[in-house]
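Shown next, in structure tokens, is the structure this report addresses.
Coordinate-derived values only; no laboratory data. This is a predicted model, so every value here is computed, not measured. Cβ coordinates were reconstructed from backbone atoms using ideal geometry, including for glycine residues, and neighbour counts include every protein chain displayed.
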Amino acid sequence: MLKWFEQTEQKQPGIISSRIRLVRNWEQYPFPSKLTHSQSKEMIRRLEYGLRDLGEIDGKKYEYANLAELKELDRKALRERQVINSTIATSKEPTGIIISETEETSIVLNGTDHIRLQLLSGSLCLEELWKQANQLDDYINMRFPYAFDEKYGYLTSFPTNVGTGLRVSVVLHLPTLCQGKKFQGLVTEMSRFGAVIKGAFGESSENYGALYQVSNQKTLGVTEKEILDLVGKVTHQLLARERQVRKMALEKHGLECADEAYKSYGVLKYARRLSAKEAMTYLSQLMSGTNDGIMTTREPCSVYRLMLGIQPANLQKLSDRPLGKEELDVARAAYLRTELPELN
């Protein structure tokens, strides 16, 4: 079965992914940082047993695993694919994970909180994701009562998550808008409304793929609907501005845009060595070219899948031995030569 990021149907150019994340804590146990090793193992075992029928709720097939038993490379690969964060990936404490076959749905047990529920999609469908998350959340809460305060809402390990415990985010491709002089001012303007905009693959100038994540800043003092509406509104505003400046760029510099897209494809298709920076830059330009209709491929292609595939850990997993930096650059180019479809 295809992972969510491998799906090639692109109905919304510019949208890379949507994510709903809920953090919860079981009222019977202290926060993870206060648990003993034996308490952590006991809690994870009880949670896993209580959620063994999770698939009956949404019809998905789930796998259960102990992160401590996974190889470090596998944990890094899961982090690159957004399933877990860097804190969970490097944790030495007992941590469990329940993950669907497509990696759209995952539940981390005893990470920074007892329960971290996450849903991902390759399209802009925040309302639908929230509906699914809310259904799973109710199912879990029926079996494991959450730590909840009438005044503050859901209690979490970090004050930044107290309240709804809800983090909503959308990853956008903004290749033209981010190059403008007014982009940082736009980011600051959006922050005044409670939205956070940051690079999905690094900060500012290091974000080579031009992918940006929009998320909510506050979880306390706002409702779930207000959070969904905020992130959705900011997403639509950024997309509208990107389309506007992109249209102007195509009208004024159409030949240059086409030349850039085709040159990027040529390098990706025939290069023998590519750094992560080079590959992400060329893939971003390729994504722009296909979204604009400048070029089409014989077979449907998820450029974002390629962006994840060239990340160090996911790339390293394809090799039967550890690779050094230069060897990774060679392997990255070979991977893209193999995976990149032919042009029409």
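Quick look at the values:
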item: Reachable lysines, given that their alpha-carbon falls under 20 Å from the alpha-carbon of Lys269 and they are not under 8 places away in the same chain; result: Lys277
item: Most mobile listed residue (Arg19, Arg116, Arg321) in the chain, GNM with C-alpha springs under 10 Å; result: Arg321
item: Computed lengthening from Asp74 to Glu127, 0.36 nm per intervening residue step minus Cα-Cα distance; result: 15.9 nm
item: Mean Cα-pair separation over length for the chain, i.e. relative contact order, pairs under 8 Å, 6 or more apart, %; result: 19 percent
item: Low-density loop positions, GluC sites (Glu not before Pro), segment 125-180 - DSSP coil, at most 11 other Cβ in 10 Å; result: Glu150
item: Number of Lys pairs (Cα under 15 Å; 8 or more positions apart or on different chains) in segment 1-163; result: 6
item: Net charge over other residues, Cβ less than 12 angstrom from the Cβ of Pro322 (K, R count +1; D, E count -1); result: +1
item: Within a Gaussian network of the chain (alpha carbon springs, distance under 10 Å), most fluctuating of Arg241, Arg332, Arg298; result: Arg298
item: Tilt relative to the chain, helix 37-50 - C-alpha long axis, 0 to 90 degrees, to 10; result: 80 degrees
item: DSSP-loop trypsin sites (Lys or Arg not before Pro) across segment 125-168, with at most 13 other Cβ within 10 angstrom; result: Lys151
